[in-house]
Amino acid sequence: MSNQLEPIKDPGLPAHVHRRADLDEKYAKRAETQVAILFLLSALGTVLLIVSYVFIPQDIFVFIPVMGEQNVHQLLLGLGMAIALFFIGAGLIHWAKNLMPDEEVIAQRHEFRSNDEDRAEFVKTVKAGASTAGLGRRPLIKRTMGLALGLSGITPILLLRDLGPLPGDELTKTSWKTGTYLVTDPGDRRIKASDLEVGAVAQVLPELAEGKDHHSLNDIAKDALLLIRLRPEEFNLDAERLSWTHEGIIAFSKICSHMGCAVALYEQTTKHLLCPCHQSTFDVTRAAKVIFGPAARPLPQLAITVDEEGYLIAQAPFNEPVGPSFWERSS
Amino acid sequence: MTARERVAGNVAGFVDDRTGAAKYLKKSLSKVFPDHWSFLLGEICLYSFIILLASGTFLTFWFDPSMREVVYDGAYVPLQGVEMSAAYASALDISFEVRGGLLMRQIHHWAALIFMVGIVVHLLRVYFTGAFRKPREFNWVIGVGLLTLGIVEGFLGYSLPDDLLSGTGIRIAEAIIQALPVVGSYLSYFAFGGAFPGIAFIPRIYTVHVLLLPGIFLALITVHLMLVWYQKHTQFPGPGRTEKNVVGYPLMPVYMAKAGGFFFIVFGVTAFLGAVASINPIWLYGPYTPGQISAGSQPDWYMGWLDGLVRMAPPLESYIFGYTISWNILIPGLILPGIMFTLLALYPFIESWATGDKREHHLLDRPRNAPNRTALGAMALTFTLVSLINGGNDIIATTFDLTINQMMWFARIGVIVLPPIAFVVTKRICLSLQRADRELVLHGRETGRLVRLPHGEFVEVHEPISAEKAWTLTSHEQLAPLELPEFDQAGVRRPAAIRNKIRNRISRAHAVAVPKATETERKELEGHH
Amino acid sequence: MDMNKERNTVKRLSRLRRHRAAGPVLLVFALFTIGTTFQVASAVNTTTQTTADRSAAIEEGRQLFLKGCSSCHGINAEGGVVAPSLIGVGAASVDFQVGTGRMPMADMSQQAMRKTPVYTPAQVNALALYVASLAPGPEIPGDELLNYERDGSIAEGGELFRTNCAMCHNFAAQGGALTKGKYAPTLMGVQPVHIYEAMITGPQAMPVFSDKTITPEEKASIIAWIKSVEAEPQLGGAALGRVGPVTEGLLAWTLGIGLLIGAAVWLAMKAR
């Protein structure tokens, strides 16, 4: 359709409009002064930077509206640097815009494609090279070379093997054993059932084994526990899970079954546990069933009871792996 | 000839005698660069990268990438006596014991955020103007690679100080690795040198963060720039600008001064942010331990959309023959981003396949003149934006009195419903704008001046637009859709018919346009007036 | 030598609370704290006055209760459809809820907000005594428990806070979102006595933190840490709400790229 119609024509590059600075030396002079001022400002910035580095102590604070109480040393050091750098740039650009030639020039493009002769010649050279090397005629060489190259690719993979041990069954195990005492985190004090009021929570770790003086992060990453006390009648659990609680105290792994963040936002009113990372929400009264968010599994529950003195202990180890899912997990 | 000129000449001669550089440099110095603000977006990335190298090097002088446990005894009182990793302690020391250390840490982090913002804005400019078309597909692919690597590099940097927030990020990364079918737990044990968090991870990612990835970056950026140099920059349509030329300023001296000046501007702005705005106040987060967490634990923004996707994923896991597949992690964490980045990288090839346009393009499209592409871009942007918003849903919820549950449902539904809406709306807007362009060329600019005609009618006076403007608005070409055979001569569907049918469909969608104004129509209208 | 000296200077930097060069805000804060302590002290003193005064106060509290609270909580504080029973919640609960202005509630929203208290401290105390007289419950923590500057360790408090509180109240005690529109409020500007009461009574969605799992000294440490964060000046520039990467990303996308694009537009603009 449009080929019958006459298109609007390209009027060509418009005539160059001269700047005031090109026509009038007064304006050029003014631009020169402006550029100089910008560069001088930059120099002042560096002076400010030096002064704050050398002379301003780091313990002086000043109140600045919107920003609050600010550290003068840090602020002036940064502002000095910002001014020093920014105004070099501003000066250069102002100079380029006002005093350097501003007439647009036209350059021609060339086609990237090589011409047909060159292409043909290239193909010929490659072919000739390949045939003089005998790539086609000597399949044995080709194949063995392929084999050698392919095999050598295994080297880096093999050498990286010792990056770490094999997981074995480590992912399924925690430090919780039958009879392990529950202790406060931090503080490492044993906890009696009576220590917790209804509505109370406690962050819990297993008691340290003899000879260890602190919890390693690797252990915490699997052992961390959240202890919550409800009224026993508030539970909505089957008989087995109910037997894992003690007088309304229920213990869950604090490591999210989704991606391993610490799930510890317990709402006393709703009895919900929320994970702050991805907002999976678990219902404590129903054995941490997932009621919202991306987690697919409840938090593992630890069976607890008390020893003869009334201190809380683990009835048994976790009956499932804690933390995020992995391939070998069976459910 | 002054003495100084003689010295300069001697030095230049000395170098040229040994390298023959003069021949090449002579040409290069008069290389022409078109001037447009949006052509500087890529430079923002380049300069941020240089700032990152410089400030990062500064930080390495004091940073101790070790997970060995130490007891902090530095200047920051609220953490004195606290057990932490040497990495975290040294990051605190940089902040409080090294003068200017905190400033440099903040400049480094702000530069990283701006680097990623720059990449995305630059990518959007290239996409919406069609600058990725032949012959620049390679550069597009390299750019997508840089974006991907930037996300990884940024995440590693966020992880290095070993504060509570970065440890939480690592924990989530570990969960993603662990969720990989078959090899997950093995890969996790290899990456962490055993169980999470172990003591190997931070030293390892440190090497990747300061050596391996910056090296790859440097190589890719070099190729990226060399290709820009060699292929010459694209330019916007306008009078005198054609597919065969490039109109702009020569490198020496104008562009050199401008580009060099812009480097200082970018550095200055980054330093300004580092001076006035706190970023990643690690001393408040405390050291990482897996039993602790802060409300509102988020990644940096360029990972925020991934986190948002993970948040909104449905709680799906399969248990097959005693093995677990975590769809709730794999789909949002790996599969969807994998598909998105692959499509993004292949887009130039997909578009040219669908439109059948295999020619070189050096003149940019105005986004409205490629409605289908623009609408697709708006669709992808909407998807990412909804995900990003969901990544900060808790902060947004508390700020605007919403609930995280509402936000999550908005995102879950919005991420599916809103992108198609964005597509349709954007396409319509583009076509309307084309219509407006057509009106403008044919009828001129509305002056807002009302004139009463002799017979009493009021009309608004239209002022014809300049020849330059008219050309700019009509210089784009409007391709006819493909018409590939869907049947052979015998009337039978060929094996390739379905593919052809798809191509015809897409190219028809792509060719939808308001016919642009022509000189003929203009003249006809003039006759009427 | 020099390094050491410098290090000491830096150490003093963070011990601002005791430093003479600390800004006027610190002074105001100190005065505020002293005032608060006095206020609480006087409140506590009243509770230990003679039995006669005590029963008079209980009676005053009962009257206030009947007027201001009973419509929701019931004539005998037995609770109603919209409000829980107050029998056994203790004086601490009342002092927290009413003393922070959360009660009486302005509207029946998800959660009671902190606002200017409706009752005077004496009235709050009377109410607390009345409710405490119904059944025993947690008492208002006395002066000896609130001397956090003497009994608390800031660093230890930080660890306790991060393990027990940060998940809801955020790493810098700025508050955070809970489910269905509930939220953990910011702890900035909260009086120590109210922080203490919240821990032992578990108001609204917040759970209880028993004295056995978090000892009174540990509670003092937590308060000490919160107060230290509150008084901590912005060490690295404007704090952006201390909520983490969300606001940082927002600033990069607005001010950061905005300034740079502005500069780019200026650069590409033709000079006149």
Take the stretch B:8-36 and flag every residue that is touching a Leu at 6+ places or on another chain (Cβ under 7 Å) and within 14 Å of chain C (Cβ to nearest Cβ).
-> B:33
Hey, any hits in the stretch B:285-298 for a residue that's within 22 Å of residue B:112 (Cβ to Cβ), in contact with an Asp or Glu (Cβ under 8 Å, 6 or more places away or on another chain) and either aromatic (Phe, Trp, Tyr) or away from chain C (no Cβ under 14 Å) (or both)?
-> yes
Residue C:250 meets each of (1) over 15 Å from the mean Cα position of the chain (by Cα); (2) touching a residue at least 40 places away in the same chain (Cβ under 8 Å); (3) more than 7 Å from chain B (Cβ to nearest Cβ); (4) under 21 Å from residue B:296 (Cβ atoms) with one exception, condition (2)
Check off (1) more than 7 Å from chain B (Cβ to nearest Cβ); (2) assigned to a helix (DSSP H, G or I) for residue A:93 and give me the number that stays unchecked.
-> (1)
Quick check: is even one residue across the stretch A:46-67 facing chain B (nearest Cβ under 8 Å), touching a strand residue (DSSP E or B) at 6+ places or on another chain (Cβ under 8 Å) and under 30 Å from residue B:473 (Cβ atoms)?
-> no
Extreme residue, modelled with the lowest pLDDT, among residues of the stretch C:129-148 that are buried (at least 16 other Cβ atoms within 10 Å of the Cβ) and in contact with a Gly (Cβ under 7 Å, 6 or more places away or on another chain) | C:137
Condition set surrounded by fewer than 17 Cβ atoms within 10 Å (Cβ to Cβ) and among the aliphatic types (A, V, I, L, M), scope the stretch C:239-267, selection farthest from residue B:115 (Cα to Cα): answer is C:265
What number of residues within the stretch B:216-252 are over 20 Å from the mean Cα position of the chain (by Cα) and assigned to a helix (DSSP H, G or I)?
-> 5
Restricting to the stretch C:96-110, what's the tally of residues that are more than 20 Å from residue B:403 (Cβ to Cβ), in a loop (DSSP other than H, G, I, E, B) and under 14 Å from the mean Cα position of the chain (by Cα)?
-> 2
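Filter the stretch A:276-297 down to the residues that are over 15 Å from residue B:403 (Cα atoms) and either within 11 Å of chain B (Cβ to nearest Cβ) or without any contact (Cβ under 8 Å) to a residue 40 or more places away in the chain (or both) and list them by number.
The first filter runs over the stretch A:276-297 and keeps only residues over 15 Å from residue B:403 (Cα atoms), leaving A:277, A:282-291, A:294-297.
Matches in the stretch A:276-297: A:277, A:282, A:283, A:288, A:289, A:290, A:291, A:294, A:295, A:296, A:297.
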Looking at (1) more than 7 Å from every other protein chain (Cβ to nearest Cβ); (2) surrounded by fewer than 21 Cβ atoms within 10 Å (Cβ to Cβ), which is the one condition that is false for residue C:219?
-> (2)
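Please indicate, with yes or no, whether at least one residue in the stretch B:2-24 is β-branched (Val, Ile, Thr), in a helix (DSSP H, G or I), touching a helix residue (DSSP H, G or I) at 6+ places or on another chain (Cβ under 9 Å) and free of Cβ contacts under 8 Å to residues at least 40 places away in the same chain. Break it down stepwise before answering.
As a first pass, look at the stretch B:2-24 and keep what is β-branched (Val, Ile, Thr): B:2, B:7, B:11, B:15, B:19.
The next check asks that each one be in a helix (DSSP H, G or I); those that pass are B:7, B:11, B:15, B:19.
Next cut, touching a helix residue (DSSP H, G or I) at 6+ places or on another chain (Cβ under 9 Å) only: B:15.
Keeping just the survivors that are free of Cβ contacts under 8 Å to residues at least 40 places away in the same chain gives B:15.
Looking through the stretch B:2-24, at least one residue is β-branched (Val, Ile, Thr), in a helix (DSSP H, G or I), touching a helix residue (DSSP H, G or I) at 6+ places or on another chain (Cβ under 9 Å) and free of Cβ contacts under 8 Å to residues at least 40 places away in the same chain.
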Is there a residue in the stretch C:156-173 that is under 21 Å from residue A:271 (Cβ atoms) and more than 8 Å from chain B (Cβ to nearest Cβ)?
-> yes
Flag for residue B:483 being under 30 Å from the mean Cα position of the chain (by Cα), assigned to a loop (DSSP other than H, G, I, E, B) and over 26 Å from residue B:304 (Cα atoms) = no
Does residue C:113 meet the test of being under 14 Å from the mean Cα position of the chain (by Cα) and modelled with pLDDT under 90?
-> yes
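Residue-by-condition table, conditions (1) of a type in the set (D, E, K, R); (2) over 24 Å from residue B:234 (Cα atoms); (3) assigned to a helix (DSSP H, G or I):
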residue: B:348; (1), (2), (3): no, no, yes
residue: B:354; (1), (2), (3): no, no, yes
residue: B:368; (1), (2), (3): yes, no, yes
residue: B:388; (1), (2), (3): no, yes, yes
residue: B:401; (1), (2), (3): yes, yes, no
residue: B:412; (1), (2), (3): yes, yes, yes
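Rundown of residues vs (1) exposed (fewer than 14 other Cβ atoms within 10 Å of the Cβ); (2) under 30 Å from residue C:242 (Cβ atoms); (3) touching a Lys or Arg at 6+ places or on another chain (Cβ under 6 Å), yes/no style:
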{"residue": "B:403", "(1), (2), (3)": "no, yes, yes"}
{"residue": "B:413", "(1), (2), (3)": "yes, no, no"}
{"residue": "B:422", "(1), (2), (3)": "no, no, no"}
{"residue": "B:428", "(1), (2), (3)": "yes, no, no"}
{"residue": "B:432", "(1), (2), (3)": "yes, no, no"}
{"residue": "B:438", "(1), (2), (3)": "no, no, no"}
{"residue": "B:443", "(1), (2), (3)": "no, no, no"}
{"residue": "B:449", "(1), (2), (3)": "yes, no, no"}
With criteria (1) modelled with pLDDT of 90 or more; (2) surrounded by 10 or more Cβ atoms within 10 Å (Cβ to Cβ); (3) among the hydroxyl-bearing types (Ser, Thr, Tyr), residue A:155 comes up short on (2)
Which one of these is more than 25 Å from residue B:473 (Cα to Cα), touching a residue at least 40 places away in the same chain (Cβ under 8 Å) and buried (at least 22 other Cβ atoms within 10 Å of the Cβ): B:395, B:389?
-> B:395
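The values are calculated or read from the model by the stated rules, or taken from the named source; none is laboratory data. Since this is a predicted model, take the numbers as computed values, not measurements. Neighbour counts run over all protein chains shown; Cβ positions are idealised from the backbone, glycine included.
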